[in-house]
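Colleague: Following this message is one structure expressed as structure tokens.
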Amino acid sequence: MALMPVSDALAAVLAGVEPLPEEMVFLDEAYHRVLARDVAARRTQPPQAMSAMDGYAVRAADAAIDSKLTVIGEVAAGRPFAGTVGAGEAVRIFTGGVVPDGADAVVIQEDTVADGKRITIKEVAISGRHIRPAGVDFREGDALLRKGSRLTERDLALAAGMNHPHLAVCRRPKVAILATGDELVMPGATPGHGQIVYSNGYALHALARSEGAETIDLGIAADTLEATTAGIGRARKSGADLLITTGGASVGDHDLVQQALRDEGIAMAFWKIAMRPGKPMMHGRLGAMGVIGLPGNPVSSYVCAFLFMVPLIRALSGRSVIHHRRERAVLGRDVGANDQREDYLRARLEERDDGTRVVLPVSHQDSSLLANLAAAQVLLVRAPFAPKAEAGTACEVLRLPV
């Protein structure tokens, strides 16, 4: 099978993907969930004109400098005044209080002198000053939260203010993660001769959860067809929307993931991508469950998950924006010519005082080097057959999660 361009591979991963069904959740469960419908206000905010300051509600026509007004009542938040402000009258009002009928301005208390039931105006009143008009925030029927938005804490406050106790959101994708390899041992164990400590899954679980998915840990399958097939079966029984495998995706005698998937009846979309790192990645479907087979090298595994798993989770979640945004920067050092594979170089990002973003690729790009991956802030994207580029040349980067 020929190497597939990255753009074609991503299109294949996303082909036919629809947002998962919606469910209703209470506001305190909706943080970072994705709206399945537009949300419109059920009320007008504020419902009446309200004072923005502590002071006196007056008629602007009566409130010239040195005017004397009679205080006929008081308004506090939640305790409106039942009467009407007439000529020569004022009502004591506090922030959040409903502006009484007849008043069209608020004079702040610092601009008055009180003497019992009388006040003297020391700053001319202007109609509308220090008053929040009815509906200045929003009006009933205003659609302020849009389908496909991932809800922030500010969105939750707005939804509450619009009088929504719960919201319709897309179901969280369920992502099952299966590692393969006799060489893997868990962190904290003492690796035997030829063994390594398992690290891929921790990054993958965290990355999937950061995008709003639920994750299912299927553990580590031994390098046997039976163990690999059993792990795939556990993923199907769990109701996972997406199975992520790591390792075993190449062509060696002990790389059994592809064989196990084919035995299970996978509809394979591709295997092998024209990219570095991550060439031996595969994708297909087992019934309703999507499958992404990631390489075993930790950097390849993470970069492929970032480029393909993340957009797929976003699409399943119903997000309106699913693709990573490329940003412009300049090279901080020379880079060599590229071959036929699209390159994703791990790099640091420095921002100069003038706002210029400078990209500095790490010195060693080997796909097993976790320290360099952890130190990177961006992936420098190099197109296939890109020529040598000198420091100062414009380039494109993908910003890694922080």
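The values are calculated or read from the model by the stated rules, or taken from the named source; none is laboratory data. Treat the numbers as computed from the prediction; the structure is a model and nothing was measured. Cβ placement follows ideal geometry from the backbone for every residue including glycine, while neighbour counts extend to all protein chains displayed.
Colleague: Looking at 313, 322, can you tell me which residue is touching a helix residue (DSSP H, G or I) at 6+ places or on another chain (Cβ under 8 Å), of a type outside the set (Ser, Thr, Tyr) and part of a loop (DSSP other than H, G, I, E, B)? Outline the logic, then answer.
Modeller: Numbers: 313 fails: part of a loop (DSSP other than H, G, I, E, B).
Exactly one residue qualifies, and that residue is 322.
Colleague: Condition test on residue 74, is it surrounded by fewer than 17 Cβ atoms within 10 Å (Cβ to Cβ) and assigned to a strand (DSSP E or B)?
Modeller: On the way: surrounded by fewer than 17 Cβ atoms within 10 Å (Cβ to Cβ): yes; assigned to a strand (DSSP E or B): yes.
Yes: the conditions hold for residue 74.
Colleague: In region 99-135, how many are of a type in the set (Val, Ile, Thr) and farther than 30 Å from residue 44 by Cα? Write out each step before concluding.
Modeller: Looking only at region 99-135, we keep the residues that are of a type in the set (Val, Ile, Thr), and these are 99, 106-108, 112-113, 119-121, 124, 126, 131.
When the remaining residues are screened for being farther than 30 Å from residue 44 by Cα, the result is 112-113, 119-121, 124.
The qualifying residues number 6.
Colleague: Hey, another quick one. Looking only at region 137-187, count every residue that is at positive phi and not small (Gly, Ala, Ser) and tell me the total.
Modeller: The initial filter retains those residues of region 137-187 that are at positive phi, namely 141, 148, 163, 181.
Okay, now just the ones that are also not small (Gly, Ala, Ser), so 163.
Final tally of qualifying residues: 1.
Colleague: Do you know which residues across region 22-41 are over 19 Å from the mean Cα position of the chain (by Cα), surrounded by fewer than 14 Cβ atoms within 10 Å (Cβ to Cβ) and part of a loop (DSSP other than H, G, I, E, B)?
Modeller: none
Colleague: If you don't mind, another one. Residue 302 is checked against (1) under 28 Å from residue 197 (Cα atoms); (2) in contact with a strand residue (DSSP E or B) (Cβ under 6 Å, 6 or more places away or on another chain); (3) of a type in the set (Phe, Trp, Tyr) and fails just one. What number does that condition carry?
Modeller: With (1) under 28 Å from residue 197 (Cα atoms); (2) in contact with a strand residue (DSSP E or B) (Cβ under 6 Å, 6 or more places away or on another chain); (3) of a type in the set (Phe, Trp, Tyr) applied to residue 302, the lone miss is (2).
Colleague: Still on this model: Looking at 278, 296, 284, 290 in this structure, which one is closer than 24 Å to residue 234 by Cα and part of a loop (DSSP other than H, G, I, E, B)?
Modeller: 296
Colleague: Would it be correct to say that residue 341 is touching a Lys or Arg at 6+ places or on another chain (Cβ under 8 Å) and surrounded by 17 or more Cβ atoms within 10 Å (Cβ to Cβ)? Can you show your working first?
Modeller: On the way: touching a Lys or Arg at 6+ places or on another chain (Cβ under 8 Å): yes; surrounded by 17 or more Cβ atoms within 10 Å (Cβ to Cβ): yes.
So residue 341 passes the test.
Colleague: Residue 95 passes all but one of (1) more than 19 Å from residue 46 (Cβ to Cβ); (2) part of a loop (DSSP other than H, G, I, E, B); which number fails?
Modeller: The failed condition is (1).
Colleague: Still on this structure, I have one more. Quick check on this structure: which one of 105, 125, 90 is touching a Lys or Arg at 6+ places or on another chain (Cβ under 7 Å), buried (at least 20 other Cβ atoms within 10 Å of the Cβ) and not assigned by TED's automatic domain parsing to the domain that holds residue 35? If you could, list the steps in order and put the result at the bottom.
Modeller: Values: 125 fails: touching a Lys or Arg at 6+ places or on another chain (Cβ under 7 Å); 90 fails: touching a Lys or Arg at 6+ places or on another chain (Cβ under 7 Å).
None of the other options fit; the residue is 105.
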